[in-house]
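Contents: one structure, followed by commentary.
What follows draws every value from the coordinates through simple rules; no lab data is involved. Keep in mind it's a predicted model, so treat the numbers as computed, not measured. Here Cβ is always computed from backbone atoms with ideal geometry, including for glycine, and neighbour counts include all displayed protein chains.
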């Protein structure tokens, strides 16, 4: 579905015809916005013919997900930006899709596969509420799209940060295998976000540094804020990675300490039993003359002696700090 908007300082015209779009944007402070929802090859080929869009960019719109990239042509540029949503899949925490964007001196074309998109809806609403901002040019619309797009990343990243903090608190109290499994799920989700958003950050940096000859004005200022927000997102992701790494260290330390406690108890038990076995071993030997061997209370005396010896050894271990 294609929806068109012609913005001027005074008004907004919707569903304007595109056959003679160049005459529509003649004059100052006019911006044509073509909003494409749902990827339809026939509609995209028609737009390519009308606006002179390159076939490479059209093929990119029709293909499956690609990492963000920027193509600069004679009278417009094309960029695909990454949309990220929570995934219902157990093996993937996030699901990527794309926002395809064409921008010229007085026009902008947005292409998304879904009928609803928060970034495009937010930027369009701002233009519909205040049409006069079209005087800032098409790059201001691109900036608003980028800003709203970055805002959609923050709930995912902040939710990951909150889950990592809760996990760290839980693992400090009692670490178990279920918490460790959750830790690795969160680490995988953070890795996915870094892998998806890394190229996006580079694209914003590139747009803020590049000059487009068909767009007047300083476009660098527009994208400094978006780029700074992306840096903030990566700072949060770095913090999450550190928290998860520390939580894993806490778990490994607790497992090691628990194992040491078990080994200490087993060592003490083995030492005591070994000593008692040494005593009873003498009475299993074929000797006639041994202390208490023929005494009436020999068994009782030996048992009392071994209990006293065991108590003495435990007391000694405690004084040495081994228990």
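Between residue 136 and residue 66, the simple spin-label model (points 7 angstrom out along Cα→Cβ) gives 2.9 nm.
The alpha carbon convex hull volume per residue for the stretch 93-177 rounds to 118 Å³. Per-residue extension of 0.36 nm, minus the Cα-Cα distance of residue 13 and residue 40, leaves a gain of 7.3 nm for this segment. To the nearest ten degrees, helix 41-51 and the longest principal axis of the Cα atoms of the chain are 50 degrees apart. Computed over the chain, the per-residue total of -39500 (n - 2.57) for DSSP H runs of n ≥ 4 gives a 222 nm mean residue ellipticity of -20500 deg cm²/dmol, rounded to 500.
Take every pair of alpha-carbon atoms less than 8 Å apart whose residues are at least six positions apart; their mean separation over the length of the stretch 43-113 yields a relative contact order of 22 percent.
With a simple spin-label model that places each label point 7 Å from the Cα along the Cα-to-Cβ direction, the separation between residue 269 and residue 97 comes to 5.9 nm.
Once the C-beta distance of residue 115 and residue 177 is scaled by a Förster radius of 35 Å, the resulting FRET efficiency is 0.25 to the nearest 0.05. Given their separation in residues at 0.36 nm each and the Cα-Cα distance between them, residue 253 and residue 86 gain 56.9 nm when the chain is fully extended. Sorting 53-59, 106-112, 204-210 by average packing, meaning the other beta carbons within 10 Å per residue, from highest down gives 106-112, 204-210, 53-59.
I'd like the FRET efficiency for residue 75 and residue 234, computed as 1/(1 + (r/R0)^6) with the beta carbon distance as r and R0 of 35 Å, rounded to 0.05. For residue 75 and residue 234, the calculated efficiency is 0.55. Full extension of the chain between residue 1 and residue 310 yields a length gain of 102.6 nm, computed as 0.36 nm times the residue separation minus the alpha carbon distance. For the chain, the longest principal axis of the alpha carbon atoms and the long axis of helix 118-129 meet at an angle near 40°.
Taking every alpha-carbon pair under 8 Å whose residues sit at least 6 apart, the chain reaches a relative contact order of 15 percent. Here the Kirkwood formula puts the hydrodynamic radius of the stretch 1-142 at 15.7 Å, using every distinct Cα pair. Once divided by 2.2 N^0.38 Å, the Cα radius of gyration of the chain becomes 1.82.
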